[in-house]
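Everything below concerns the one structure shown next.
The values are calculated or read from the model by the stated rules, or taken from the named source; none is laboratory data. From a predicted model like this one, the values you see are computed outputs, not experimental measurements. Cβ placement follows ideal geometry from the backbone for every residue including glycine, while neighbour counts extend to all protein chains displayed. Ligands, DNA and RNA are excluded from the accessible area calculation, which covers all protein heavy atoms including side chains. Shrake-Rupley method; radii C 1.70, N 1.55, O 1.52, S 1.80 Å.
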Protein chains: 2
Amino acid sequence: MHELRIDERRFRRDFNELAEIGSTGDGGVHRPSLSAEHLEARRWFRERIERDGLEFRTDGAGNHSAVLSAAQPAAPTLLMGSHLDSVLHGGRFDGALGVVAAYEALRTVRDAGLELPVHIEAIDFTDEEGTLVGLLGSLAVAGAITREGLASPRGGREELEQGMCRAGITDESIIAAARATESLAGFLELHIEQGPRLVDGGIDIGIVSAIVGMTSIDLVFVGREDHAGTTPMGARRDAGLAAATFITEATARVRREFADCVVNFGRVELAPGAYNIVPGRAELGMEFRAPSEERMSELEASLLELARAIGPRHEVQVNVRPLGGIAATPCADVCRAAFAEACGTLGLSHTALLSGAGHDTMALAHVCPAGMIFVPSTGGSHSPREHAEWPACVNGANALLHAALRMAR
Amino acid sequence: MHELRIDERRFRRDFNELAEIGSTGDGGVHRPSLSAEHLEARRWFRERIERDGLEFRTDGAGNHSAVLSAAQPAAPTLLMGSHLDSVLHGGRFDGALGVVAAYEALRTVRDAGLELPVHIEAIDFTDEEGTLVGLLGSLAVAGAITREGLASPRGGREELEQGMCRAGITDESIIAAARATESLAGFLELHIEQGPRLVDGGIDIGIVSAIVGMTSIDLVFVGREDHAGTTPMGARRDAGLAAATFITEATARVRREFADCVVNFGRVELAPGAYNIVPGRAELGMEFRAPSEERMSELEASLLELARAIGPRHEVQVNVRPLGGIAATPCADVCRAAFAEACGTLGLSHTALLSGAGHDTMALAHVCPAGMIFVPSTGGSHSPREHAEWPACVNGANALLHAALRMAR
């Protein structure tokens with residue numbers, strides 16, 4: 001069984017066929033969740049499953065699956081997969097590679113005639129990217145979707161309703177898609193790294209140790225509007241200057257003292273926003289990520305302490321508006337070990353990595369052992385330029401296959 | 001004649017009556033140019049002039065004047081005045097104090113039965129504040145309004161047309177309001193300082209040496225959009241960070257090396273503007289002011305050199321989009337001397353000051369000797385909180401009167 005390998009040609013053919021659906025002509029795809037393009041990709045997946053003589057299933061959250069059943073109907077299910085939706089004008093690897101790799105691993109098991117003590121399911125989760133809700137399909141399976149969350153989704157309720165209508169699902173069916181915890185043997189995901197560490201290090205596989213937590217806070221600096229011509233520089237209470245000072249000092253502090261964390265200032269608004277008026281108010285959108293809840297607390301305390309120290313230097317008041325976030329999610333030791341053993345079997349180099357982005361693994365980790373691997377990629381993230389070399393994708397799919405075989409036993 | 005003084009009670013009564021028109025109930029007034037409130041203030045001025053038995057005049061730019069004619073019809077005219085319009089929800093001193101003081105000085109000359117060799121005209125200029133065009137009435141008198149300027153005014157053409165309609169003026173009449181240069185003996189203006197220097201220094205009168213020039217430039221920092229979770233801090237090309245660094249370093253440089261200048265960053269826009277995306281683009285609106293064209297050039301060169309040095313530190317490109325500006329305007333020596341002598345006559349302390357804001361004096365300075373004084377004020381500028389103590393206003397009005405008497409001879 002150590003010699004088992006996925007079918008590289010079949011894997012590549014399917015991946016390329018899928019990349020044509022919603023293609024933007026520049027290497028990218030545009031398949032927002034439950035859009036016409038996304039539903040066309042799902043139809044392709046369903047037809048592929050049925051043509052291959054495998055069992056197709058869908059659930060109330062719209063998730064699409066291929067299932068290879070165990071002999072025992074009461075056996076638990078080992079899930080593998082990712083998502084076929086993309087961000088607006090995104091790349092063709094993000095999500096899709098993980099679905100095709102999971103499906104290829106399942107076909108390889110079927111073709112080898114292996115009888116496993118668990119059902120194997122290759123799943124395409126709905127709306128991982130959050131055009132509508134974010135992790136919608138995986139949270140639904142994990143029983144973590146609420147009626148309130150569906151009532152005011154980040155993409156707008158009207159958009160969600162239109163998407164649900166196109167997919168033939170409802171609030172009720174999504175909530176009913178929750179699976180019994182004891183029915184889940186685990187979840188394994190393959191994804192491109194979307195960052196430079198594996199390529200820079202020349203490493204085959206990144207085994208994710210944790211998906212970082214994320215917190216967003218608006219910092220509101222309140223100074224005083226003044227005439228920019230008549231108010232001497234030293235007499236100003238410039239909220240924009242206080243915010244700029246905070247951006248530069250916070251960035252330096254995170255790079256110096258929190259090398260395992262990141263901070264981003266993606267949004268800033270000055271009021272009143274006129275060339276000739278000293279800004280009386282600056283709203284700064286801050287997002288930061290840390291690998292554990294402990295580091296998250298330390299980082300948040302350090303950033304807020306800095307903001308409160310900088311405010312008075314400019315005679316500016318600092319108000320803190322917490323926007324919530326997502327807790328850091330450690331990956332299951334059993335999954336990490338299974339991936340490491342798979343790499344050993346395959347002769348692939350591997351390293352532990354943090355995932356800076358959210359993935360369906362986060363949702364499943366709360367209800368079953370869940371873990372994921374990254375394959376090396378270039379061109380960043382959420383971009384038509386994102387790219388993974390094909391041999392790296394094959395390595396990843398084989399690692400997924402062998403980790404699944406280990407998890408299944 | 002050295003003993004001549006304005007009538008404090010009459011001056012104060014008129015100022016208070018005027019402050020009721022468009023009052024916002026918090027000490028401020030709302031009299032945007034050619035609005036109903038502004039036109040009501042102008043009606044009040046006209047009726048005051050006619051009740052006082054003085055000659056009222058208006059011109060094609062809507063400017064309202066009281067005129068005290070000299071014996072010789074061909075004599076030139078000494079203008080004094082300011083404006084009755086306000087910014088949206090502004091203060092009751094800005095502009096109005098200068099009009100009422102000019103009118104009070106004119107009445108004082110009339111009551112004293114002085115025969116001067118020039119016509120004296122107390123004028124309320126249209127739209128100094130720029131709700132519609134900016135310095136509209138004074139530029140029209142100076143012959144500096146163009147058809148192009150009226151075609152795309154900063155306040156919008158539709159707003160300008162509605163205002164012109166309410167005031168009974170047209171593009172043609174505004175342009176025809178230009179006066180022959182030789183008809184103008186000079187222009188004197190009284191205004192509140194709108195800054196802290198006179199109050200802080202305990203000085204009665206600020207004699208403006210120059211109105212600073214102003215230049216606006218948009219700096220566009222172009223980096224790279226990246227996923228804020230998956231892109232390590234050191235691998236980013238963060239346009240927002242480059243802009244923030246520029247704000248802090250440029251501010252420090254101006255305070256250190258350009259103490260006679262100011263810079264303001266009143267507007268900033270990050271793109272794409274999402275919490276979880278490293279800003280790939282930052283547009284920074286920069287405005288700076290200097291007391292002479294030479295200093296303006298030095299300041300501009302220094303700021304652009306700094307921007308071009310900071311960009312590469314963040315692997316960010318810097319594009320410069322000049323937005324134009326206004327040249328620095330020195331006040332006429334003859335006016336400064338007249339104000340200084342008036343202060344000597346009145347026993348008032350005085351100092352030379354730069355004006356950081358634009359005033360009608362800027363427009364007139366190009367066609368006749370023009371100068372202005374500031375009286376001490378608190379509460380900043382363009383705010384209902386702006387305030388001048390009444391004795392300071394009386395000092396200013398008397399200084400205006402005596403400077404006018406000197407200019408007239």
* Structure fact -> Across segment A:152-194, the tally of residues that are in contact with a Pro (Cβ under 7 Å, 6 or more places away or on another chain), assigned to a loop (DSSP other than H, G, I, E, B) and either of a type outside the set (Asp, Glu) or over 17 Å from A:MET362 (Cα atoms) (or both) stands at 0
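For (1) open to solvent by 40 Å² or more (accessible area, probe 1.4 Å); (2) at pLDDT 95 or above, each residue gets a yes or a no:
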position: A:GLY98; (1), (2): no, yes
position: A:ARG107; (1), (2): no, yes
position: A:THR126; (1), (2): no, yes
position: A:GLY134; (1), (2): no, no
position: A:THR146; (1), (2): yes, no
position: A:ILE169; (1), (2): no, yes
position: A:ALA176; (1), (2): yes, yes
position: A:HIS191; (1), (2): no, yes
* Evaluate segment B:38-50: report whether one residue or more is assigned to a loop (DSSP other than H, G, I, E, B), touching a Leu at 6+ places or on another chain (Cβ under 8 Å) and among the hydrophobic types (A, V, I, L, M, F, W, C). => no
* **Considering residues of segment B:216-240 that are in a strand (DSSP E or B) and more than 10 Å from chain A (Cβ to nearest Cβ) only, the residue farthest from A:PRO384 (Cα to Cα)** => B:LEU219
* Asked: Which residue pairs have Cβ atoms closer than 9 Å, lie 6 or more positions apart in sequence or on different chains, and pair a first residue in segment A:269-297 that is farther than 30 Å from B:GLY356 by Cα with a second residue that is among the polar types (S, T, N, Q) and open to solvent by 30 Å² or more (accessible area, probe 1.4 Å)?
  -> A:GLU287/B:ASN276; A:ALA290/A:SER297
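Of the residues that sit in segment A:200-214 and are in contact with an Asp or Glu (Cβ under 8 Å, 6 or more places away or on another chain) and more than 10 Å from chain B (Cβ to nearest Cβ), which one is modelled with the highest pLDDT?
Step one: of segment A:200-214, the residues in contact with an Asp or Glu (Cβ under 8 Å, 6 or more places away or on another chain) are A:206, A:213-214.
In the following step, the residues that additionally are more than 10 Å from chain B (Cβ to nearest Cβ) were identified as A:206, A:213.
Working: A:GLY206: 98, A:GLY213: 93.
Among residues in segment A:200-214 that are in contact with an Asp or Glu (Cβ under 8 Å, 6 or more places away or on another chain) and more than 10 Å from chain B (Cβ to nearest Cβ), the one modelled with the highest pLDDT is A:GLY206.
Within segment B:332-347, restricting attention to residues that are among the aliphatic types (A, V, I, L, M) and closer than 28 Å to B:ALA363 by Cα, which residue is nearest to the chain's Cα centre (by Cα)?
Across segment B:332-347, the extreme among qualifying residues is B:ALA332.
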* Mind listing just one residue for me: the one in segment B:246-262 that is surrounded by fewer than 18 Cβ atoms within 10 Å (Cβ to Cβ) and not in a helix (DSSP H, G or I) and, of those, farthest from the other protein chains (Cβ to nearest Cβ)? => B:ASP260
* Determine whether segment A:45-55 contains at least one residue that is touching a strand residue (DSSP E or B) at 6+ places or on another chain (Cβ under 6 Å), surrounded by fewer than 24 Cβ atoms within 10 Å (Cβ to Cβ) and aliphatic (A, V, I, L, M). => yes
* To do: Of the conditions (1) within 14 Å of another protein chain (Cβ to nearest Cβ); (2) touching a Pro at 6+ places or on another chain (Cβ under 7 Å), A:MET296 clears all except one; give me its number.
  => (2)
* Asked: Checking B:VAL100 against (1) closer than 19 Å to B:ALA397 by Cα; (2) in a loop (DSSP other than H, G, I, E, B); (3) β-branched (Val, Ile, Thr), which single condition isn't satisfied?
  -> (2)
* **Condition met for B:ALA243 (open to solvent by 10 Å² or more (accessible area, probe 1.4 Å) and either more than 7 Å from chain A (Cβ to nearest Cβ) or over 25 Å from the mean Cα position of the chain (by Cα) (or both))** => no
* Asked: Can you tell which of A:SER35, A:SER82 is farther than 26 Å from A:GLY143 by Cβ, among the polar types (S, T, N, Q) and open to solvent by less than 20 Å² (accessible area, probe 1.4 Å)?
  -> A:SER35
* Output for segment A:182-218, where each listed residue is over 30 Å from A:ARG321 (Cβ atoms) and of a type in the set (Val, Ile, Thr) -> A:ILE192, A:VAL199, A:ILE203, A:ILE205, A:ILE207, A:VAL208
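Restricting attention to strands (runs of 3 or more DSSP E) lying wholly within segment A:282-393, give those where 2 or more residues are open to solvent by less than 10 Å² (accessible area, probe 1.4 Å).
Output list reads A:370-375.
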* Just checking, how many residues over segment B:263-281 are open to solvent by 30 Å² or more (accessible area, probe 1.4 Å) and either in contact with a His (Cβ under 9 Å, 6 or more places away or on another chain) or closer than 26 Å to B:ILE326 by Cβ (or both)? -> 4
* Asked: Being open to solvent by 10 Å² or more (accessible area, probe 1.4 Å), over 26 Å from the mean Cα position of the chain (by Cα) and not small (Gly, Ala, Ser), is that true of even one residue in segment B:197-208?
  -> no
